[in-house]
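The values are calculated or read from the model by the stated rules, or taken from the named source; none is laboratory data. Being a predicted model, the structure only gives us computed values, none of them experimental. Every residue, glycine as well, gets a Cβ built from its backbone with ideal geometry; the counts of neighbours run over all protein chains shown. Accessible surface areas use protein heavy atoms only, side chains included; no ligands, DNA or RNA. Shrake-Rupley method; radii C 1.70, N 1.55, O 1.52, S 1.80 Å.
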Amino acid sequence: MGPTSRAHQREQTIRTLVTEARRLFAGRGYGAVGLAEIVTAAGVTKGALYHHFDGKAGLFRAVLEQVQQEVAARVAAEAERHDDPWEQLTAGCRAFLAAGSDPEVQQIMLVDGPAVLGWSEWRAMDEAASARHLGEVLQALIDDGTIAFRRVEPLTHLLSGAMNEAVLWLARPGGPQDRPREPGDRPRDLADTTAALTRMLEALRA
C-alpha cells in the first residue's frame with residue numbers, strides 16, 4: 001500500500017469514527033455511549049481508534065469541533081448575505097438561534113461540550129468557532145457609532161452567553177418554571193425567542 005492509499009485509509013477511518021460517534025453522542029449523550037459501541041458501529045478496532053484519538057474524550061473533541069464549525073459556517077453564511085454591519089449582526093444571531101435549536105447541536109455543543117472537556121477548553125473552542133466573529137461585527141458597530149459602548153469584550157460575552165442559554169431552553173422539554181413543552185410549541189418558542197433577542201439588540205443602538 002502506497003503513501004497515498006494509506007493517507008486515504010487514515011482519513012476514511014477518522015471520518016467514519018467521527019460520523020458514528022456523532023450519531024451516537026447526539027442520540028443518547030456522551031455518558032451513555034461506550035467505546036466498544038463506537039468502534040463496532042464504525043467497523044474498526046479499539047486500537048484503530050486509539051491510533052487516531054486519545055480515547056473517547058479526544059474523539060468527542062473532534063465531533064464537537066465539527067458541529068461548532070458547521071454552526072459557525074451557517075451563521076457566517078447568513079450574515080454575509082447583508083452588506084450593512086447591523087443587518088449582519090441581527091441575521092447572524094437569528095441564524096445561531098435557529099441552528100442551536102437543533103437537538104443534535106444542543107446535545108453535543110451545549111450539554112456535553114462543557115461537561116466533557118471542562119469549561120475553559122469548551123469556552124476556548126466556542127470562542128474560536130463563533131464568538132470571535134460575533135466580537136468582530138460588534139467591534140465594527142462600536143467603531144462606526146451604531147453601538148455606544150467603549151469595550152467590545154463584555155458585550156460579546158453577554159450576548160454569546162444569552163444566546164447559548166436561549167438555545168438550551170429551546171431544545172429541552174421544559175424546566176421547573178415551564179409548563180411541559182408540546183411538539184408544536186418549538187416553532188413558536190423559536191419565533192418568540194428570536195423576537196426577544198431582536199428587541200435586546202435594538203436596545204443597544206445609539
Residue count, region 56-101 (criterion: under 20 Å from THR19 (Cα atoms) and of a type in the set (A, V, I, L, M, F, W, C)): 11
What about ILE108, is it open to solvent by 20 Å² or more (accessible area, probe 1.4 Å), in contact with a Phe, Trp or Tyr (Cβ under 8 Å, 6 or more places away or on another chain) and either at pLDDT 85 or above or of a type in the set (Lys, Arg) (or both)? no
How many residues of region 1-34 are part of a helix (DSSP H, G or I) and loosely packed, with under 15 Cβ neighbours inside 10 Å? The answer is 16
Residue check, ALA41 within 30 Å of ALA98 (Cβ to Cβ), free of Cβ contacts under 8 Å to residues at least 24 places away in the same chain and of a type outside the set (D, E, K, R): yes
Looking only at region 151-164, count how many residues are loosely packed, with under 11 Cβ neighbours inside 10 Å and closer than 24 Å to THR194 by Cβ. 1
Got at least one residue in region 32-53 being under 24 Å from the mean Cα position of the chain (by Cα) and closer than 16 Å to GLU104 by Cβ? yes
Six or more apart or on different chains, Cβ under 6 Å: which pairs go from a residue in region 105-120 that's at negative phi to one that's open to solvent by 40 Å² or more (accessible area, probe 1.4 Å) and at pLDDT below 95? Could you list them? LEU110/LEU168
Quick test for you: out of ASP102, ASP83, ASP54, pick the one residue that is in contact (Cβ under 8 Å) with a residue 60 or more places away in the chain and of a type in the set (Asp, Glu). ASP102
Given the condition basic (Lys, Arg), out of contact with any strand residue (DSSP E or B) (no Cβ under 6 Å at 6 or more places or on another chain), exposed (fewer than 14 other Cβ atoms within 10 Å of the Cβ) and outside any helix (DSSP H, G or I), answer yes or no: does some residue in region 74-94 qualify? yes
Just need a number here: residues in region 131-150 that are open to solvent by 30 Å² or more (accessible area, probe 1.4 Å) and either assigned to a helix (DSSP H, G or I) or in contact with a Cys (Cβ under 9 Å, 6 or more places away or on another chain) (or both). 6
